[in-house]
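Chemist: Mind having a look at this structure? Questions to follow.
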Amino acid sequence: MAAAHHKQLTAWEQDRQRVLTLEQRCARLEDELQKRNEVIRAVTKRVHVVEAREKEGHRELNSTQQQLLELGKKQQYTSQHCHDLKEKNQSLNSTVMSLSAQLGSLQVRGEELSTMLRLKVGLLSLTFVSNSDYPVIE
């Protein structure tokens, strides 16, 4: 009787230790998950900012291109302002080049952030998959 009681007590203690270990691991993983979620939220926010800048860059580029077309038409009909229009056209070309360079940088940064986000999601998926290997003790 005492041996059975001792065996039961030992088994209970082992189960209790496993539960404590799993609870600690769960708490650690939940903390890690929370941190990663914060990182994902921050990266997502930055992606939205970059996307907004990119859209603004497209709007500015389209606006500038439209201005260039209008200037081209005016130049055909207005020879007396030819010199002034050439100077403005050079200025607008410089702006277009600057915006194109800025747009390229924003697109590269957007791709970098997108890649980082995919990697983080992949890591989270791996974490969830590895956690599913351990049975839940009720």
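Chemist: Output the number of the condition that residue 55 fails; it satisfies all remaining conditions of (1) at pLDDT 95 or above; (2) within 30 Å of residue 130 (Cβ to Cβ); (3) not aliphatic (A, V, I, L, M).
Modeler: With (1) at pLDDT 95 or above; (2) within 30 Å of residue 130 (Cβ to Cβ); (3) not aliphatic (A, V, I, L, M) applied to residue 55, the lone miss is (2).
This table checks each residue for (1) over 30 Å from residue 123 (Cα atoms); (2) touching a helix residue (DSSP H, G or I) at 6+ places or on another chain (Cβ under 9 Å); (3) not in a helix (DSSP H, G or I).
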site: 42; (1), (2), (3): no, no, no
site: 67; (1), (2), (3): yes, yes, no
site: 90; (1), (2), (3): yes, no, no
site: 99; (1), (2), (3): yes, yes, no
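Chemist: Now for a separate question. Any idea which residue in segment 95-111 is nearest to residue 66 (Cα to Cα), counting only those that are among the hydrophobic types (A, V, I, L, M, F, W, C) and in contact (Cβ under 8 Å) with a residue 24 or more places away in the chain?
Modeler: Going through the qualifying residues, I end up with 96.
Chemist: Only one of (1) without any contact (Cβ under 8 Å) to a residue 24 or more places away in the chain; (2) surrounded by 10 or more Cβ atoms within 10 Å (Cβ to Cβ) fails for residue 32. Which number is that?
Modeler: Of everything listed in (1) without any contact (Cβ under 8 Å) to a residue 24 or more places away in the chain; (2) surrounded by 10 or more Cβ atoms within 10 Å (Cβ to Cβ), residue 32 misses just condition (1).
Chemist: Of the residues in segment 46-73, how many are out of contact with any Leu (no Cβ under 8 Å at 6 or more places or on another chain) and among the hydrophobic types (A, V, I, L, M, F, W, C)?
Modeler: Residues that pass the stated criteria total 3.
Chemist: Only one residue in 39, 121, 129, 47 is within 27 Å of the chain's Cα centre (by Cα), modelled with pLDDT under 80 and either β-branched (Val, Ile, Thr) or at positive phi (or both). Which one? Reasoning before the result, please.
Modeler: Numbers: 39 fails: modelled with pLDDT under 80; 121 fails: modelled with pLDDT under 80; 47 fails: modelled with pLDDT under 80.
Answer to the selection: 129.
The values are calculated or read from the model by the stated rules, or taken from the named source; none is laboratory data. Treat the numbers as computed from the prediction; the structure is a model and nothing was measured. Heads up, the Cβs are rebuilt from the backbone with ideal geometry, glycines too, and the neighbour counts pull from every protein chain shown.
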